[in-house]
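This report concerns only the one structure given below.
The values are calculated or read from the model by the stated rules, or taken from the named source; none is laboratory data. Remember, predicted model here, so these are calculated numbers, not experimental data. Positions of Cβ are backbone-derived with ideal geometry, glycine not excepted, and every protein chain shown enters the neighbour counts. With ligands, DNA and RNA removed, areas are computed over all heavy atoms of the protein, side chains included. Shrake-Rupley method; radii C 1.70, N 1.55, O 1.52, S 1.80 Å.
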Amino acid sequence: VQLQAYGGGSVQAGGYLRLSCVDGRRTASNNGVGWFRQAPGKEREFVAGISWNGGSTLYTDSVKGRFIVSRDRSANTVYLQMNNLKPEDTAVYYCAAGLGGRLTAQPADYRSWGQGTQVTVSS
């Protein structure tokens, strides 16, 4: 069962988007959820993560102060609010469920990857 990411699009630099990660089968209700992205020719990289109860968050340095991760447990959805977008944020964005109880930035520590959503930021 996979988590599905939605909400991508094309925006100009300085714009914003909000991505949604829907956990339709509640497979990650007791797990952290991570957001990752992968640009063409690059490895998948961690963007942000949130613990199972929303009490802890983790961000990669390049998005700190611009992106905010949150979750609505009643809606089985995790959000990634992306503000002040930059061309270097262009990538396919994925969400996945954490395997353990601790938030990590390693893709190998996540499961239930779904199809991503494309984010394109033009200068």
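Where the only charges are on Cβ atoms (+1 Lys, Arg; -1 Asp, Glu), what is the dipole of segment 1-60 about its Cα centre, to the nearest 20 debye?
The dipole magnitude comes to about 100 debye.
State the dimensionless ratio Rg/Rh of the chain (Rg: radius of gyration of Cα atoms; Rh: Kirkwood radius).
Ratio of gyration radius to Kirkwood radius: 0.94.
Suppose each label sits 7 Å from its Cα in the direction of the beta carbon; what would the residue 10-residue 66 distance come out to in nanometres?
It works out to 2.0 nm between the two label points.
Averaging sequence separations of C-alpha pairs under 8 Å and six or more residues apart, then dividing by the length of segment 2-123, give the relative contact order as a whole percent.
37 percent
Using only the alpha carbons of segment 1-67, what is the convex hull's orientation-averaged projected area in square nanometres?
Value for segment 1-67: 5.6 nm².
Express the carbon and sulfur contribution to the solvent-accessible surface of segment 37-123 as a percent, rounded to the nearest whole number, probe 1.4 angstrom.
Ligands and nucleic acids excluded, carbon and sulfur give 47 percent.
Tell me, what is the per residue accessible area of the chain in Å², probe radius 1.4 Å? Working shown, then result.
Values: 6300 Å² over 123 residues.
Heavy-atom accessible area per residue stands at 51 Å².
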